[in-house]
1. What is the residue count in the range 111-168 for residues that are under 27 Å from the mean Cα position of the chain (by Cα) and not in a loop (DSSP other than H, G, I, E, B)?
2. When K262 is evaluated against the numbered criteria (1) of a type outside the set (D, E); (2) open to solvent by 80 Å² or more (accessible area, probe 1.4 Å); (3) in contact with a Leu (Cβ under 8 Å, 6 or more places away or on another chain), which criterion, by number, is the only one it fails?
3. Identify, from the list N205, N218, N253, the residue that is buried (at least 16 other Cβ atoms within 10 Å of the Cβ) and touching a strand residue (DSSP E or B) at 6+ places or on another chain (Cβ under 8 Å).
4. Would you point out which residue out of E166, E204 is modelled with pLDDT of 90 or more and either over 30 Å from E290 (Cβ atoms) or among the acidic types (D, E) (or both)?
5. All but one of (1) closer than 30 Å to P133 by Cβ; (2) outside the structural domain of A282 (by the TED database); (3) exposed (fewer than 12 other Cβ atoms within 10 Å of the Cβ) hold for M237; which doesn't?
6. Against the condition over 27 Å from the mean Cα position of the chain (by Cα) and in the same structural domain as E146 (by the TED database), how does F52 come out, does it pass?
7. Given the condition over 19 Å from A257 (Cα atoms), surrounded by 14 or more Cβ atoms within 10 Å (Cβ to Cβ) and more than 40 Å from the chain's Cα centre (by Cα), answer yes or no: does some residue in the range 175-188 qualify?
8. What about P305, is it in contact (Cβ under 8 Å) with a residue 24 or more places away in the chain, more than 26 Å from E166 (Cβ to Cβ) and not basic (K, R)?
Amino acid sequence: QMWEEAIALGKELAEQYENEMFDYEQLSELLRKQAQFYENIVKVIRPKPDYFAVGYYGQGFPTFIRNKVFIYRGKEYERREDFEARLLTQFPNAEKMKTTSPPGDDIKTSSGQYIQCFTVKPKLDLPSKFHRPVSEQIVSFYRVNEVQRFEYSRPVRKGEKNPDNEFANMWIERTIYVTAYKLPGILRWFEVKSVFMVEISPLENAIETMQLTNDKINNMVQQHLSDPNLPINPLSMLLNGIVDPAVMGGFANYEKAFFTEKYMHEHPEDHDKIEKLKDLIAWQIPFLAEGIRIHGEKVTEALRPFHERMEACFRQLKDKVEKQYGVRAILPALEERRGSRPRSMVRSFTMPSASRPLSVASVSSLSSDSTPSRPGSDGFVLEPLLPKKMHSRSQDKLDKDDLDKDKKEKKKEKRNSKHQEIFDKEFKSTDISLQQAEAVILSETISPLRPQRPKSQVLSAMSSERRFSASPVPPGSQLSPPPVTPRTKLAFSIQPNLELNGMSSSDIPDVPPPLPLKGSTADYGNLLESQDLLSPTTSPPAHQR
């Protein structure tokens, strides 16, 4: 179940499959396994083994373990008594020591065999990649794996014994053991290479205890939020042991021992530590409130009286703590999720192309203020991108631009309709024949808002108009002008005095200009009455806006 190690090895194999062997089938299978490993890390609860310090003292042991201390990794759910029994079967003549203090020279130099065994606590050493708070389910692996430092704490009393409050003079003698290699490794036990001892004052011990208690409550709350099917009994015992003063006394013992004028006068250097302890006490209230809320949702009817009593005790505790140490509040889950927004989602909207503006949602999500910048936007709905050249204007400016645009469109339609009326009037009243004094030339003015027409279509349109105005007409046939279909966004105008290719209308000879190159097998010398043959054989494709 060491899936973290399997993922690290899988990444090495993936590099080989992808860039060296080009075996994509093996790569896909490996990536599927890695995905399953990541899911197991988050969802599967793994047992935490215990670690034991074992000392072999006396000349009766072999030289490689004589008078040395080793750290052993126990099996899953293995208690210290079972581990000692398994250890003593290897050395049936050895004697088990009753104390945990280091032995004297008389035992080390004796000819017998003495074994000292006690439980040690691994010290968490997170990898450097975890530079921000992460889920407890991810961190829990490193609490008992890849550890090299272990500690054993032993209480020591100094000064006069206080029967009313034992916390006032309880010092902690903490021994730190550092192994040769990290556990677990190729072996389940390694030799201790260095040992040193530190002393923890009663106030520092109280701060450490409160910190551990708050972390324990928070971790259990997070577990129940992620998995609603967890049993409620461990949560009930934890909350009741803290809330009900009849069980463990709560932090009232710390108040009696350290929050007095006498202690402040005797230890003025501990002022900052006392303030830190008060802050931890105040922070315990929101953690307890969340735990009791979850407990109330999952409690059965049989335990309802127990829950109601716990709620009553918590209300009294909350009023007292908030009155003396202030109010603390945990950020809502919504704010936490918004703060930890997936980087891929942010990247897709904060790194657009040069011509693409930022969306409103991405700009507001990157701001330091957690409140949404637009009404009705909670930071999750990705709004569509605004059009170009408009994303930096205010709403008033946008409305003004829309009005201007509508005015321009109306003027353009009015101008086009006027030109169309002039064209219809003049074209219908003019009889097209060879005796016409002036040639009528239709010029097209393309609006810049539509793409340029293909050259082939322009040539075909001009050739059709010239054939109507300059081609000979067979006798006895009356040629009527073709129906004119108005085109959108095309402006037509009659210009009798237009200069064409540097020549005025008076300089144009009566001989018609040469016809353009043939686009089909039709004979240009004969005009057919079929309207279908007046246009090119293959009509140009329709333009798409």
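1. Going through the range 111-168 one residue at a time, the tally reaches 8.
2. For K262, the failing item is (3).
3. On the way: N218 fails: touching a strand residue (DSSP E or B) at 6+ places or on another chain (Cβ under 8 Å); N253 fails: touching a strand residue (DSSP E or B) at 6+ places or on another chain (Cβ under 8 Å).
Matching residue, one of N205, N218, N253: N205.
4. Values: E166 fails: modelled with pLDDT of 90 or more.
Sole residue among the options that is modelled with pLDDT of 90 or more and either over 30 Å from E290 (Cβ atoms) or among the acidic types (D, E) (or both): E204.
5. It fails just one condition, (2).
6. On the way: over 27 Å from the mean Cα position of the chain (by Cα): yes; in the same structural domain as E146 (by the TED database): yes.
Yes, satisfied.
7. Yes, the conditions are met somewhere in the range 175-188.
8. Numbers: in contact (Cβ under 8 Å) with a residue 24 or more places away in the chain: no; more than 26 Å from E166 (Cβ to Cβ): yes; not basic (K, R): yes.
Considered against the rule, which asks whether it is in contact (Cβ under 8 Å) with a residue 24 or more places away in the chain, more than 26 Å from E166 (Cβ to Cβ) and not basic (K, R), P305 comes out as no.
The values are calculated or read from the model by the stated rules, or taken from the named source; none is laboratory data. Here the structure is a predicted model, which is why all the values come from computation and not from measurement. Every residue, glycine among them, receives a Cβ derived from its backbone with ideal geometry; neighbour counts consider all protein chains shown. Accessible surface areas use protein heavy atoms only, side chains included; no ligands, DNA or RNA. Shrake-Rupley method; radii C 1.70, N 1.55, O 1.52, S 1.80 Å.
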